[in-house]
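Heads up: the structure comes next, in structure tokens.
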Amino acid sequence: MMKIPFSPPDIGEEEINEVVDTLKSGWITTGPKTKRFENLLTSFCMSQKTVCLDSCTAALEMTLRILGVKKGDEVIVPAYTYTATASAVCHLGARPVMIDCAPNSVQMDYDKLPYLITTHTKAIIPVDLGGVPCDYDKIFDAVISKRHLFISSSPLQDIFGRIVVIADSAHGLGARRNFIKTGALADFTAFSFHAVKNLTTGEGGAITWKKHSDLDNDELYRQFMLLSLHGQSKDALEKTQIGSWEYDIVGPYFKCNMTDIAASIGIAQLKRFPAMLKRRRKIIEFYNRELSNCPVSVLQHYSEREKFSSSGHLYLVKLIGQDEAYRNEIIRRLAALGVASNVHYKPLPMMTAYKKLGYDINDFPYAYDMYKNEITLPLYSKLTDEQAQYVVDSFKHALAQ
């Protein structure tokens with residue numbers, strides 16, 4: 001019997017050598033490697049500028065803070081997502097306004113989106129779940145259609161003059177829609193580099209943004225630096241310059257910077273990233289062929305008609321016509337065969353934290369329908385052909401029992 005983990009990191013000699021180089025350099029916190037990684041990500045995404053932080057959650061929260069979101073404001077988020085999408089909103093005292101999935105989809109119901117926009121709405125956080133980019137054309141259409149309701153309450157909101165779209169693309173680095181990469185689709189895009197992500201730095205994240213004629217990119221970057229390092233006017237690297245020890249604290253802010261150790265892993269990962277994405281796509285195509293005659297539906301990762309390609313982060317499978325109990329039994333059967341699997345996601349209104357805030361899963365029937373029989377199979381660049389075959393054989397065996 002094979003043992004197939006769910007999502008181990010793909011770490012090789014390149015990453016190890018880059019980390020060793022950082023350790024030998026004598027500079028391990030935020031410094032030259034972090035700045036280099038930011039520049040490489042900006043080039044990769046074809047965006048304007050990038051800030052690396054210690055998590056995607058921090059990237060979302062700091063962006064909302066710079067945007068001026070506060071208590072009394074509303075931010076639209078999917079009900080079908082991980083908690084970080086909504087918790088970043090809660091941290092500011094703002095209200096997450098949850099939107100249901102479209103029928104038979106993990107993505108939000110774009111047709112319902114305009115009806116949730118009010119004079120309190122400051123941002124929308126779509127989620128590129130599984131690595132499939134959202135339809136940002138439809139999201140921006142909804143934003144523009146309700147532009148007359150928007151009330152600005154900060155200088156950055158003044159610049160946009162409308163609701164700001166902040167992509168939670170924790171899964172989506174490397175995905176494309178309409179030949180545009182994630183990072184240049186939404187106004188701002190947050191990425192995750194957690195251990196299970198396609199590109200990892202162990203823990204980490206980034207925020208990048210696309211071109212806007214009235215944005216001062218350097219000033220915006222400076223604001224992120226202040227928020228992420230206690231409001232300190234100079235980072236550690238700047239303070240090492242001769243005679244530059246003195247600094248100011250301009251506000252009692254936060255601590256969520258990325259280290260050069262983490263960034264060095266990311267630099268090496270990004271070099272190998274195209275090959276890693278190619279391997280994921282090959283596994284997805286294999287899974288699709290092997291499961292084509294099974295009583296399941298799978299997340300579509302590529303569409304020439306809709307002009308999108310995913311990052312291949314998660315392989316979501318729906319067990320057609322089944323319920324939670326059956327899905328959980330399949331997970332147990334797979335585990336008995338040595339195959340780890342998962343569920344993406346249990347909708348937020350089913351979680352205690354959000355129940356306490358008044359959310360009810362009965363108000364989100366399509367999110368529940370998506371969740372109740374969903375199972376996620378192992379998908380990662382280190383998965384061998386033999387292991388992939390074992391996964392599908394085990395899955396078919398579990399279904400046949």
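List of remarks:
- Checking the cross-link pairs K71/K356; K282/K318; K146/K346 against a 28 Å limit on the alpha carbon distance flags K146/K346 as lying beyond it.
- Region 67-114 and region 280-350 have Cα centres lying 24 Å from one another.
- Positive-end ranking of F44, T81, V143 along the dipole of region 30-165, with charges on Cβ about the Cα centre, is headed by F44.
- Distance distribution note for region 1-72: the fraction of Cα pairs above 16 angstrom is 70%.
- Sorting the segments 351-361, 26-36, 309-319 by their mean number of nearby beta carbons within 10 angstrom, highest to lowest, gives 309-319, 26-36, 351-361.
- Backbone HN-Hα couplings from phi across region 391-400 [Karplus 6.51/-1.76/1.60, Hz, Gly and Pro as x]: 4, 5, 5, 5, 5, 5, 5, 5, 5, 7
- Answer label for volume of the Cα convex hull per residue in Å³ (calculated), chosen among (1) 142; (2) 228; (3) 131: (1)
- Per-pair calculated FRET efficiency, R0 = 51 Å: S145 and K24 via Cβ, rounded to 0.05: 0.35
- Fraction of the pair-distance distribution of region 55-112 above 17 Å, Cα-Cα pairs, percent: 39 percent
- Residues with amide H under 5 Å from that of R95, placed H, sequence gap 5 or more: G72, D73, E74, V75
- Net charge contributed by nearby residues that have their C-beta within less than 12 Å of L92 (K/R +1, D/E -1): +2
- J(HN,Hα) series, region 331-336, from Karplus relation 6.51 cos²θ - 1.76 cosθ + 1.60, nearest Hz, glycine and proline x: 4, 5, 5, 4, 4, 5
- Rounded to the nearest 20 debye, dipole of region 247-398 from Cβ charges on Lys, Arg, Asp, Glu: 360 debye
- One chain, two ends: E246 and D369. Fully extended at 0.36 nm per residue, the span grows by 38.5 nm beyond their Cα-Cα distance.
- Phi-based couplings in Hz for region 250-256 (Karplus 6.51, -1.76, 1.60; Gly and Pro marked x): 8, x, x, 9, 10, 9, 8
- Candidate aspartates and glutamates for bridging to K24, where Cα separation is under 19 Å - those fewer than 8 sequence places away on the same chain excluded: E13, E14, E15, D260
- Relative contact order for the chain, counting Cα pairs under 8 Å that sit 6 or more residues apart, in percent: 23 percent
Each value in this text was obtained by applying a stated rule to the coordinates, not by laboratory testing. Just so it is clear, the model here is predicted, and its values are computed rather than measured. Counting neighbours? That spans all protein chains shown, and the Cβs are built from the backbone with ideal geometry, glycine included.
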